[in-house]
Amino acid sequence: MKDMNREYAPMQVEQMGNGAKHVLTGIVVGGVIGATAMLFLAPRSGQEMRAEVKDKAAALRDRTAETVKDTVSQVVSKAGHLKGGVTGKAQDIKHKGQDLLVEQLDRASEAVEAAKKAIQEF
């Protein structure tokens, strides 16, 4: 049985995201082209067609604006989450570095004290 808990490299995740982006773009463009063709090929008067095109364009604009707002809020949320994670890791690394520095300074101080004692005994 395959392991379902795989970890992907950042490049693989980015490539997966780009593929989904291309598919979504193709679906949206195809939908717009299909809707436009349907409107212009349907047997209606010019005034009815203009009114319907206007209504459909307004609906598409509203849906697009809503989708963009949702996407932006998701990106902002994920960016904030990533920033918090990076900040936490940076703090951890900083504290580890400070601890190592103190430890090395203690060792150096002990070595200096031992050298002083050895010189005084000599």
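Read-outs throughout are calculated quantities, based only on the coordinates presented, and are distinct from any laboratory measurement. Keep in mind that what you see is a predicted model, and the values were worked out from it rather than measured.
For a straight C-alpha distance cut-off of 16 angstrom, the lysines reachable from LYS78 (same-chain residues fewer than eight places away being disregarded) are LYS69.
For the Cα trace of segment 16-122, dividing Rg by the Kirkwood Rh returns an Rg/Rh value of 1.61.
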